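Worksheet for the structure shown next.
The values are calculated or read from the model by the stated rules, or taken from the named source; none is laboratory data. Note that the structure is a prediction, hence the values are computed from the model and not measured. Don't worry about glycine lacking a Cβ; one is built from the backbone with ideal geometry, like all the others, and counts go over all protein chains shown. All accessible areas refer to the heavy atoms of the entire protein, side chains included, with ligands and DNA or RNA removed. Shrake-Rupley method; radii C 1.70, N 1.55, O 1.52, S 1.80 Å.
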Amino acid sequence: MAAVVGRLCRAPGTAAWPRCLLRAGCARPAAALAVPPHGGPGSPLGLSWEAGSGRRPLSFSAAGLVSSAPGPLQPYLRLMRLDKPIGTWLLYLPCTWSISLAAEPGCFPDWYMLSLFGTGAVLMRGAGCTINDMWDRDFDKKVLRTASRPIAVGDISTFQSFVFLGGQLSLALCVLLCLNYYSIALGAASLSLVITYPLMKRITYWPQLVLGLTFNWGALLGWSAIKGSCDWSVCLPLYFSGVMWTLIYDTIYAHQDKRDDMVIGVKSTALQFNENTRQWLSGFSVAMLMGLSVAGINCEQTFLYYTAVAAIGAHLAHQIYTLDIHKPEDCWQKFTSNRTIGFLLFIGIVTGNLWKRKDPKEMNAVNTDI
């Protein structure tokens, strides 16, 4: 649960967005940052905009809901990236894997825990984005794509962001306190990763690795929330697979920003791998699939689970084979498609677990009680 995104909190880059602001080093003109409030074709908000019309389109998308919120509230919602929920999904899905793997054979996962972790994912992703924007406010001002972020543009002051961060972390703590003591301690242990991740891109070409360690903490926390402690034979391979998965999708994401990153001195695996990206991503994919297989074996998963793992392998192979690292729009499309991978594994775990037969000892105990 306690995982946050630095780079995932950034808006999708598109080839159509100019980078002249950064390269020319000119001041940020207000007109250059003006974006139709409801987006346009290919806009990051993903909403339609009818030229000449002052009316807002009816939309139930995340971006549409944020744009329909009261004006004073919108900067805070955008600071949390509620208008771009892909990062929340990628944070939440490893939690669902772990919760589902911990379910009793033949049973659905605990819906209360799924909803509790979903709430925590929204809050912690929002807190992570707030921390990221506070660290990167000077960088964000230099790049047109990020210069309209609430802190960078001045819609939210540094003090207001601190207060808002405190509120989000307080609510997240309330969620964490609903868990057992082991899980509370385990969740609190990830806070150092949450705070320091945004600094990693300043000192190492592997910030995606630190993001993976942070972003997949729910793979440990979900199991302990159900079982009371971690079964490391299951949790560690699952956690390892999640870290490999993050290295895949966030390296793809980082290729959108590599030109700007080189200019402003930000490091990433995209710059480290460069033209060898496909080979590295292929290696990460193999490692991810191996980790998922080990986790499945150690918790006695059924063929439906391994069918899902095979489907994930096919998805990754297609994703990597068709990836064009020189086209930001293609990188964004491939990045967002990883939500499908997360859902495939979740469905595979749930259906595989339902296919299991309940432990005969437990069945006999129930019959004896009756």
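Things to note:
- Lone qualifier among Y205, Y239 - being open to solvent by 60 Å² or more (accessible area, probe 1.4 Å) and hydroxyl-bearing (S, T, Y): Y205
- Considering region 94-122, and only residues there that are in contact (Cβ under 8 Å) with a residue 12 or more places away in the chain, in a helix (DSSP H, G or I) and surrounded by fewer than 23 Cβ atoms within 10 Å (Cβ to Cβ), the residue that is nearest to the chain's Cα centre (by Cα) turns out to be V122.
- Residue in region 293-301 that is touching a Ser or Thr at 6+ places or on another chain (Cβ under 7 Å), open to solvent by 20 Å² or more (accessible area, probe 1.4 Å) and in contact (Cβ under 8 Å) with a residue 60 or more places away in the chain present: yes
- Subset of region 246-269 that is in a helix (DSSP H, G or I), among the hydrophobic types (A, V, I, L, M, F, W, C) and modelled with pLDDT under 95 - its residue that is most open to solvent (accessible area, probe 1.4 Å): M262
- For region 139-167, filtering for residues that are among the β-branched types (V, I, T), surrounded by 20 or more Cβ atoms within 10 Å (Cβ to Cβ) and at pLDDT below 80 leaves 2.
- Yes/no for L199 being touching an Asp or Glu at 6+ places or on another chain (Cβ under 9 Å) and either surrounded by fewer than 22 Cβ atoms within 10 Å (Cβ to Cβ) or not β-branched (V, I, T) (or both): no
- Residues that are outside any loop (DSSP other than H, G, I, E, B), of a type in the set (S, T, N, Q) and touching a residue at least 60 places away in the same chain (Cβ under 8 Å) within region 213-245 comprise T214, S233, listed in sequence order.
- Close pairs (6 angstrom Cβ cut-off, 6 or more residues apart or separate chains): at pLDDT 90 or above in region 74-89, surrounded by fewer than 19 Cβ atoms within 10 Å (Cβ to Cβ) and hydroxyl-bearing (S, T, Y) anywhere: I86/T336
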